[in-house]
1. Specify the residue that is farthest from Val161 (Cα to Cα); the eligible residues are those in the stretch 52-75 that are of a type in the set (S, T, N, Q) and more than 18 Å from the chain's Cα centre (by Cα).
2. For the stretch 135-149, check the following and say yes or no: at least one residue is farther than 18 Å from Arg58 by Cβ, over 13 Å from the mean Cα position of the chain (by Cα), in contact (Cβ under 8 Å) with a residue 40 or more places away in the chain and open to solvent by less than 10 Å² (accessible area, probe 1.4 Å).
3. When the stretch 98-136 is examined, which residues are found to be outside any loop (DSSP other than H, G, I, E, B) and among the aliphatic types (A, V, I, L, M)?
4. Pull up the stretch 48-94, narrow it to residues that are in a strand (DSSP E or B), of a type in the set (Ser, Thr, Tyr) and farther than 26 Å from Gly143 by Cα, then point me to the one that is most open to solvent (accessible area, probe 1.4 Å).
5. Can you find even one residue in the stretch 150-157 that is within 15 Å of Asp80 (Cα to Cα) and touching a residue at least 12 places away in the same chain (Cβ under 8 Å)?
6. In the stretch 141-163, what residues are in a loop (DSSP other than H, G, I, E, B) and either within 26 Å of Ile36 (Cβ to Cβ) or out of contact with any strand residue (DSSP E or B) (no Cβ under 6 Å at 6 or more places or on another chain) (or both)?
7. Given the criteria under 13 Å from the mean Cα position of the chain (by Cα) and farther than 22 Å from Ile36 by Cβ, does Val123 qualify?
8. List, please: which pairs have Cβ atoms under 8 Å, are six or more places apart or on different chains, and start with a residue in the stretch 101-112 that is within 13 Å of Arg159 (Cβ to Cβ) and end with one that is among the aromatic types (Phe, Trp, Tyr)?
Amino acid sequence: MSLSSSLRSFARLTLAAGAAGLFAACGGTESTSPDIPSNPAVETYATSTGVVIAQMTRLNDNLFVRDNPVGTGATAVTGDSIFVTYRGMLTNGQVFDQGAFSYRLGRNGVIPGWEQGLPGMRVGGQRKLVIGSLLAYRNERAGSIPPNSTLVFDVTLDRIVGK
């Protein structure tokens with residue numbers, strides 16, 4: 001192989017690698033490395049998520065909450081069987097899940113961010129949860145959720161069984 005063909009091959013590889021890096025940086029998925037946990041306090045959030053982190057209550061480094069509106073019914077505590085409706089998004093606004101289900105709060109049936117973020121909610125209220133990867137799926141891919149993703153949930157507490 002001549003020097004000029006080697007340089008052309010190197011240039012093509014360099015251009016391809018640069019384009020791949022640019023594509024990955026602009027691709028609309030979470031940009032954190034699989035080895036580095038996310039940090040909700042410094043993420044950029046799409047307008048469609050409704051997140052203004054400075055207006056949220058920080059429960060810990062990986063969990064921010066905001067009630068809007070605060071419910072008027074019974075308050076959820078650990079041990080309660082609760083029924084919720086929810087929508088889950090990535091920081092770029094992509095919805096990855098939505099629906100309704102019930103579970104017993106405190107039995108570790110959901111990600112730790114929910115277990116820590118839902119107690120104290122009142123029936124009829126809506127709570128926005130911003131959950132860092134250490135309280136979500138950590139460095140594992142979960143369906144369409146990339147590793148080390150910060151997750152945004154809009155949760156409505158519909159009822160508490162027996163209250």
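1. So in the stretch 52-75, the residues of a type in the set (S, T, N, Q) come out as 55, 57, 60, 62, 68, 72, 75.
Filter once more, so that each one left must be more than 18 Å from the chain's Cα centre (by Cα): 68, 72, 75.
Values: Asn68: 22, Thr72: 16, Thr75: 11 Å.
Result: Asn68.
2. no
3. From the stretch 98-136, those outside any loop (DSSP other than H, G, I, E, B) are 98-104, 112-117, 122, 126-131, 133-135; that's our starting set.
Listed by number, the residues that qualify are Ala100, Leu129, Val130, Ile131, Leu134, Leu135.
4. Applying the first criterion (in a strand (DSSP E or B)) to the stretch 48-94 yields 57-60, 63-67, 75, 81-90.
With the extra rule that they be of a type in the set (Ser, Thr, Tyr), the set shrinks to 57, 75, 81, 85-86.
Restricting the remaining residues to those that are farther than 26 Å from Gly143 by Cα gives 57, 75, 81.
Numbers: Thr57: 78, Thr75: 51, Ser81: 32 Å².
Here the residue is Thr57.
5. Initially, the stretch 150-157 is screened for residues within 15 Å of Asp80 (Cα to Cα), giving 157.
Filter once more, so that each one left must be touching a residue at least 12 places away in the same chain (Cβ under 8 Å): 157.
Within the stretch 150-157, one or more residues are within 15 Å of Asp80 (Cα to Cα) and touching a residue at least 12 places away in the same chain (Cβ under 8 Å).
6. Arg141, Gly143, Ser144, Pro146, Pro147, Asn148, Ser149, Thr150, Gly162, Lys163
7. Numbers: under 13 Å from the mean Cα position of the chain (by Cα): no; farther than 22 Å from Ile36 by Cβ: yes.
Considered against the rule, which asks whether it is under 13 Å from the mean Cα position of the chain (by Cα) and farther than 22 Å from Ile36 by Cβ, Val123 comes out as no.
8. Once the first residue is within 13 Å of Arg159 (Cβ to Cβ) and sits in the stretch 101-112, its partners that are among the aromatic types (Phe, Trp, Tyr) give Phe101/Phe83; Ser102/Phe83.
The values are calculated or read from the model by the stated rules, or taken from the named source; none is laboratory data. Values in this document were obtained by computation on a predicted structure and should not be read as measured data. Glycine also receives a Cβ, built like all others from the backbone with ideal geometry; neighbour counts cover every protein chain displayed. Areas reflect the complete protein model, heavy atoms only, side chains present, ligands, DNA and RNA absent. Shrake-Rupley method; radii C 1.70, N 1.55, O 1.52, S 1.80 Å.
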